[in-house]
Amino acid sequence: MSQMLIPNTVTEACQMLSSGNRVACAGATNLYVDREKGKYLDRDIVSLHRLKELSGIREEKDGWHIGSLTTFDLIEDVFRGQGSMDALAEAASLVGGPQIRNRGTIGGNILSASPAADTVPVLMALDAVLVLVSETGQRMVSINGFMKGPGRTAIHQGKILTEIVIPFKTGAARFRKVGKRNALAISIINVAVYMEKEAGRITALTIAIGSAGPTALRAFHTEELLRTWKRPDSEEKWQSLHEEIAIALSEDISPIDDIRATGSYRKTVADNVVLQLVRELWEACEK
Ligand SMILES: Cc1cc2nc3c(=O)[nH]c(=O)nc-3n(C[C@H](O)[C@H](O)[C@H](O)COP(=O)(O)OP(=O)(O)OC[C@H]3O[C@@H](n4cnc5c(N)ncnc54)[C@H](O)[C@@H]3O)c2cc1C
């Protein structure tokens, strides 16, 4: 039978996780469901809940430092209205229901590696860096490239995610989630866009999309396309841009059919949402 281990320090947690068949536990919102489905039943659980230093948000020279055990509720409270970080607040506010947002953590959202995880596209669009700690030291890796497939990331046994660092940004960002209903819905598509702009032209742009492939991913072809455009000044030009986005996105994403939606529905929604967010940001930046 599996047992619960409760480390008092990060080093102790890493030691526990490096020896034997063990799994880390943060808010348990996913782990509990996984165990109900029969996964991890043979593993000891290493609960991180005593590691208070992994909770909370700090502003440092290189950007925002978000502890991996920070809950969605706190993320929404701290980042609402904070420039481009408002997109992360928006994503956090749309995860599950109040109970999930009160217990679920940003670290668990990343490490669950669901293609539909709501905070991940925002973290990708904002160039977040993950701090991974083991018994022997720490490593910083970009979230872009960290997600390897459904339920798989580049983290190794014996490592824990301690914090997420998001560099300060001067531009604006938006997040949008499309689900079957407004609350308690897993994303059919979720999109995050970050934009900087000067004199009608985009100078920096990142687009990340979830639920459109085995992991959330960056839409590099669409980013490239948009960098060549000047802000459309008529509805006809916005329509042309919509068509070009649809073509570029075909190179970036290949959503599949599942119980929530068909792949072609997801693609159409992604085309529309990317255009919508780009337009909102372009017009907001103009003012
Ligand atoms: C009813 C319901 C609705 C949901 N709705 C949504 C939704 O709308 N959007 C969404 O994105 N998600 C949703 N989820 C998924 C889930 O709540 C989130 O992914 C949550 O963020 C997981 O965080 P946690 O702290 O509970 O992680 P846990 O369940 O404790 O852990 C999840 C995984 O991450 C690993 N892990 C956690 N923290 C660390 C760490 N610091 N270092 C190393 N490994 C770690 C664990 O080993 C485990 O494999 C929902 C879940 C439920 C049950």
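The values are calculated or read from the model by the stated rules, or taken from the named source; none is laboratory data. Remember, predicted model here, so these are calculated numbers, not experimental data. Quick reminder, even Gly has a Cβ in these numbers, built from the backbone with ideal geometry, and neighbours come from all protein chains shown. Heavy atoms of the whole protein, side chains included, go into the accessibility calculation; ligands, DNA and RNA do not. Shrake-Rupley method; radii C 1.70, N 1.55, O 1.52, S 1.80 Å.
What the table shows:
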{"item": "Residue match in segment 81-92 (condition: free of Cβ contacts under 8 Å to residues at least 60 places away in the same chain and assigned to a strand (DSSP E or B))", "result": "no"}
{"item": "Filter result for the condition that a residue is at positive phi and either within 17 Å of the chain's Cα centre (by Cα) or free of Cβ contacts under 8 Å to residues at least 40 places away in the same chain (or both), over Ala199, Ala246", "result": "Ala199"}
{"item": "Filter result for Ala261 (modelled with pLDDT under 95, in the same structural domain as Glu196 (by TED's automatic domain parsing) and hydrophobic (A, V, I, L, M, F, W, C))", "result": "yes"}
{"item": "Filter pass, Arg35 being within 8 Å of the ligand (Cβ to nearest atom), of a type in the set (Lys, Arg) and open to solvent by 50 Å² or more (accessible area, probe 1.4 Å)", "result": "no"}
{"item": "Sole exception among (1) at pLDDT 95 or above; (2) within 13 Å of the ligand (Cβ to nearest atom); (3) under 20 Å from the mean Cα position of the chain (by Cα) for Gln138, by number", "result": "(3)"}
{"item": "Condition met for Ser114 (farther than 20 Å from Cys25 by Cα, within 14 Å of the ligand (Cβ to nearest atom), in a loop (DSSP other than H, G, I, E, B) and not charged (D, E, K, R))", "result": "no"}
{"item": "Any chance Ala24 is within 8 Å of the ligand (Cβ to nearest atom), modelled with pLDDT of 95 or more and either among the hydrophobic types (A, V, I, L, M, F, W, C) or in contact with a Phe, Trp or Tyr (Cβ under 6 Å, 6 or more places away or on another chain) (or both)", "result": "yes"}
{"item": "Matching helices (runs of 4 or more DSSP H) fully within segment 172-287 where at least 3 residues are out of contact with any strand residue (DSSP E or B) (no Cβ under 9 Å at 6 or more places or on another chain), aliphatic (A, V, I, L, M) and buried (at least 16 other Cβ atoms within 10 Å of the Cβ)", "result": "235-252"}
{"item": "Checklist (1) in the same structural domain as Leu126 (by TED's automatic domain parsing); (2) within 13 Å of the ligand (Cβ to nearest atom); (3) open to solvent by 10 Å² or more (accessible area, probe 1.4 Å); (4) out of contact with any Phe, Trp or Tyr (no Cβ under 9 Å at 6 or more places or on another chain) applied to Asn144, failing item", "result": "(2)"}
{"item": "Only listed residue being surrounded by fewer than 19 Cβ atoms within 10 Å (Cβ to Cβ), in a helix (DSSP H, G or I) and at pLDDT 95 or above, chosen from Asp127, Asp73", "result": "Asp73"}
{"item": "Close pairs (6 angstrom Cβ cut-off, 6 or more residues apart or separate chains): on the phi > 0 side of the Ramachandran plot in segment 111-136, within 10 Å of the ligand (Cβ to nearest atom) anywhere", "result": "Ala113/Gly151; Ala113/Thr153"}
{"item": "Residue under evaluation Tyr40, criteria (1) under 23 Å from Ser211 (Cβ atoms); (2) within 9 Å of the ligand (Cβ to nearest atom); (3) modelled with pLDDT under 95, criterion not met", "result": "(1)"}
{"item": "Hey, Arg103 surrounded by fewer than 22 Cβ atoms within 10 Å (Cβ to Cβ), modelled with pLDDT of 95 or more and more than 10 Å from the ligand (Cβ to nearest atom) or not", "result": "no"}
{"item": "Any chance Arg58 is within 12 Å of the ligand (Cβ to nearest atom), within 28 Å of Glu12 (Cα to Cα), out of contact with any Cys (no Cβ under 6 Å at 6 or more places or on another chain) and of a type in the set (Lys, Arg)", "result": "no"}
{"item": "So Val23, is it surrounded by fewer than 22 Cβ atoms within 10 Å (Cβ to Cβ), assigned to a helix (DSSP H, G or I) and not hydroxyl-bearing (Ser, Thr, Tyr)", "result": "no"}
